[in-house]
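Step one of this worksheet: look at the structure below.
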Amino acid sequence: MATNRRIRLSLRWRVAIAFGLASVAVAGLVAVATWQLATTYMLEQRRQSATLQAQVNVRLVEASSRAGSNSLDELLSGLVVDPGSSILLARREGLLTGGRAVDPAVLPAQLLAPEPGETRWLVTEIDGIRVLAVSLQGGSAGTVFVELFPLVELGRIQNFLILVLVAGTAASGLLGVGLGWWTSKRALRPLTELTQSAARVAGGDLHVRLPERSDPDLAPLASTFNATVEALERRVRLDARFAGDISHELRSPLTTMVNAIEVLRHRQGEMPPVAGQAVDLLAGEIERFRQMLLDLLEISRADQDVDDRAMESIDLAILVAKVRETSNLTFPLVVERPPPPVYADRRRLVRVVANLLDNAERHGGGVAKVTVTERQGRARLEVDDAGPGVPSDLRTRVFERFARGRHAGERGDESGSGLGLALVARHVHLHSGAVWVEDAPAGGARFVVELPASADPAASELIADVVG
């Protein structure tokens, strides 16, 4: 079944269109009023001049009749100035015409019976031509003078005026749309800044603040947003400090437990089989607890903006190869295009690669392939696993803290701490990179890390000094 989809315009476009429609409405009203006034004025001017000319022509005809002239036909022809004009003189002796031939039968009856001293006029169409007809009674009883003035030139002026007014209305509408777009852009600029700032806060940047506004309508918005972010920043710092303090406090008892379990392992041969199994289970849980504690300490340092990075230029392919050696894992390492070196903290970058490999081993059925390549000038790391993949609706949540087991897409064993991928995202973000998960071409999940390529600042300064 087909569904009706309504086109939803943005607020900026709605304001721009509203301005355009208002401009068209106002310009249309002005255009109609201008048209009415202009056409009425031009027609009135043409009527006055035509009436005056007809009155003059009547006097000439009357004067010629009183003088007993028999050349009225020539006189009427001489009175016609415009080739499209017509003159009809109805007398008792008969009908005389001059100029363009017109059948008297097509003339309106009211033109042929004016009152003495009255001048009648009307606009009509005769033989397909729009004319202004003026009729008046001559000095002799029963004599009617009718003159037809073509309005061709007036029609051209009116058509040109229509074209100008329509073009002006359309231009006014376009100008209104442009003005509405510009006005809405300025009016929505604080909202755009708020949206961008909120997005940065959602991305973890708690230092962002809105500038103070002098506008009484916008000042409360900026102050409320800044106060909210400051409160959130304080809360995050308190939570991070609390997590760090707890982690530090737990290190001493954890060290005692690790040493105690090592002693028990050395005496495991002297224990009954059940006790030996219990020691193995306890050792595994203590190791998992130790790893989680280390992850918590590192995350708490990052949340408290403790920047302990030791930046250096690193070849990503060589680093992955060394991590593979130290982790005792076997997987194909493919270098498609040698990536540019990245300027990063080696310890954190090793942790990123190790956590991705550990995640593939624990939850993805093992590492299927690792690819190091270059993509649009950035170094790119791809870790493919042999698992069932990550559902599209969980591909963002897997990088959240303590997202494991069902929260991580039900990808097998739940023995992880749920902090490994969160640390990956945090470390990659600290290096201005990006990390995401997608489907691997051969099946399973592919975790992708992209890092910007940049030179060592110290080396760049040295080169600049040498060149300078």
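The values are calculated or read from the model by the stated rules, or taken from the named source; none is laboratory data. Predicted, not measured: the structure shown is a model, and the values here were computed from it. Note that we place each Cβ from the backbone using ideal geometry, even for glycine, and neighbour counts take in every protein chain shown.
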For the stretch 204-240, enumerate the residues that are exposed (fewer than 12 other Cβ atoms within 10 Å of the Cβ) and basic (K, R).
R234, R235
Only residues that are of a type in the set (S, T, Y) and part of a strand (DSSP E or B): list them for the stretch 122-168, please.
T124, S135
Could you please let me know if G365 is within 24 Å of R288 (Cα to Cα), assigned by TED's automatic domain parsing to the domain that holds L421 and part of a loop (DSSP other than H, G, I, E, B)?
yes
For the condition modelled with pLDDT of 75 or more, among the basic types (K, R) and in a helix (DSSP H, G or I), what is the one hit in R301, R234?
R234
Hey, among P272, P253, P216, which residue is on the phi < 0 side of the Ramachandran plot, free of Cβ contacts under 8 Å to residues at least 12 places away in the same chain and within 41 Å of the chain's Cα centre (by Cα)?
P216
Considering F145, F160, F149, F225, which residue is among the aromatic types (F, W, Y) and over 30 Å from Q45 (Cα atoms)?
F225
I'm trying to understand the selection: among the residues of the stretch 1-20, which are among the hydrophobic types (A, V, I, L, M, F, W, C), modelled with pLDDT of 85 or more and surrounded by fewer than 16 Cβ atoms within 10 Å (Cβ to Cβ)?
W13, A18
Out of the residues in the stretch 97-118 meeting the condition of being touching a helix residue (DSSP H, G or I) at 6+ places or on another chain (Cβ under 9 Å) and surrounded by 16 or more Cβ atoms within 10 Å (Cβ to Cβ), tell me which one is modelled with the highest pLDDT.
G98
Which of the residues spanning the stretch 98-121 are part of a strand (DSSP E or B) and over 16 Å from Q137 (Cα atoms)?
G98, G99
Between D73, D82, which is among the charged types (D, E, K, R), modelled with pLDDT under 70, out of contact with any Gly (no Cβ under 6 Å at 6 or more places or on another chain) and not in a strand (DSSP E or B)?
D73
Cβ-Cβ below 9 Å, separation at least six or inter-chain, first residue in the stretch 364-382 and closer than 18 Å to D439 by Cβ and touching a residue at least 12 places away in the same chain (Cβ under 8 Å), second part of a strand (DSSP E or B) and aromatic (F, W, Y): which pairs?
G364/F447; L381/F447; E382/F447
Applying the selection to the stretch 275-298, what residues are surrounded by 14 or more Cβ atoms within 10 Å (Cβ to Cβ) and in contact (Cβ under 8 Å) with a residue 40 or more places away in the chain?
Q291, M292, L293, D295, L296, L297, E298
Of all residues in the stretch 137-190, which are charged (D, E, K, R), within 30 Å of D127 (Cβ to Cβ) and touching a helix residue (DSSP H, G or I) at 6+ places or on another chain (Cβ under 8 Å)?
E147
Scanning the stretch 402-442 residue by residue, the ones that are small (G, A, S), at pLDDT 85 or above and within 15 Å of S392 (Cβ to Cβ) total 1
